[in-house]
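The values are calculated or read from the model by the stated rules, or taken from the named source; none is laboratory data. Worth saying up front: this structure is predicted, and the values here are computed from it rather than measured. All Cβ positions, glycine included, derive from the backbone under ideal geometry; neighbour counts span all protein chains shown. For accessibility, only protein heavy atoms count, side chains too; no ligands or nucleic acids. Shrake-Rupley method; radii C 1.70, N 1.55, O 1.52, S 1.80 Å.
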Amino acid sequence: MKLQNIILSTAALLATSGTAFAQFQNAEKAVEYRESVFTVMGNHFGRIGAVVKGEAPYNKDDVAKNAAIVAMMSTLPWQAFGPGTEGGKAKPDVWSDNAKFKSASEKMQLAVAELNKAAQSGDLENIKKTFGATGQACKACHDDFRKK
Ligand code: ASC
């Protein structure tokens, strides 16, 4: 290999392997970030849950706001599961079976997008239906990838 090619490929490798860590100073910061995102997501999802379960009155604007927050948050944690960030509540399977984890994360984001659509339209029956499907997507991923 020519020296120039070695330099170019090394630079490319550093650029790509650096991205996982670039946004986080270290693994602990990545764990803190992703767990914080899940905390906020769970809080706002839970507020919709209270309405779905009849424990709180249905207010269209509140549910729409909470669903929009959940939808936005649902896109964020994945960047913080990069190589070398094992730890926290994540099982090692996140890294050893990463394709399955990615697929589960995508299912959750799609379910949340449907919930958000229903919430913005204000159709309570559809909110209930998509809330249930989203909860199942949360649980499926927790069963496989989150420590008890
Ligand atoms: C929630 C929450 C979760 C999911 C999950 C659904 O309200 O915080 O993690 O629902 O329990 O099964």
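What accessible area per residue, rounded to a whole number of Å², is obtained for the chain using a probe radius of 1.4 Å?
That works out to 61 Å² per residue.
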Going Cα to Cα from K53, which aspartates and glutamates come in below 16 Å? Please leave out same-chain ones fewer than 8 positions away.
D62, D123, E125
In whole Å, largest first, the alpha carbons of the chain cover along the principal axes 67, 31, 25
Take the solvent-accessible surface of the protein heavy atoms, probe 1.4 Å, and return the percent of it on the stretch 10-148 that carbon and sulfur atoms account for.
58 percent
Just tell me which aspartates and glutamates come within less than 18 Å, Cα to Cα, of K89; anything on the same chain fewer than 8 places away is out.
E28, E32, E35, D97, D143, D144
What is the distance in Å between the Cα centroid of the stretch 26-65 and that of the stretch 91-148?
13 Å
Beyond 28 Å (Cα-Cα) in this structure, taken from K29/K147; K91/K117; K60/K91, we find K91/K117; K60/K91
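How high is the FRET efficiency from D143 to L76, r the C-beta distance, R0 25 Å, rounded to 0.05? Mind dumping the intermediate values first?
Numbers: r = 22 Å, r/R0 = 0.87.
Efficiency, rounded to the nearest 0.05: 0.70.
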The set of residues whose placed amide H lies less than 5 Å from the amide H of R146, leaving out same-chain residues fewer than 5 positions away, is K91
Do the sum for the chain: with -39,500 (n - 2.57) for every DSSP H run of n ≥ 4, divided by all residues, what is the mean residue ellipticity at 222 nm, to the nearest 500 deg cm²/dmol?
-25000 deg cm²/dmol
Only four residue types carry charge here, +1 at the Cβ of Lys and Arg and -1 at the Cβ of Asp and Glu. Report the dipole size of the chain about the Cα centre in Debye, rounded to the nearest 20.
120 debye
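Would you please put 93-104, 60-71, 109-120 in order of how densely packed they are, using the mean number of other Cβ atoms within 10 angstrom per residue and starting with the highest? Walk me through the intermediate numbers first.
On the way: 93-104: 14.2, 60-71: 18.6, 109-120: 20.1.
Going from most to least packed, we get 109-120, 60-71, 93-104.
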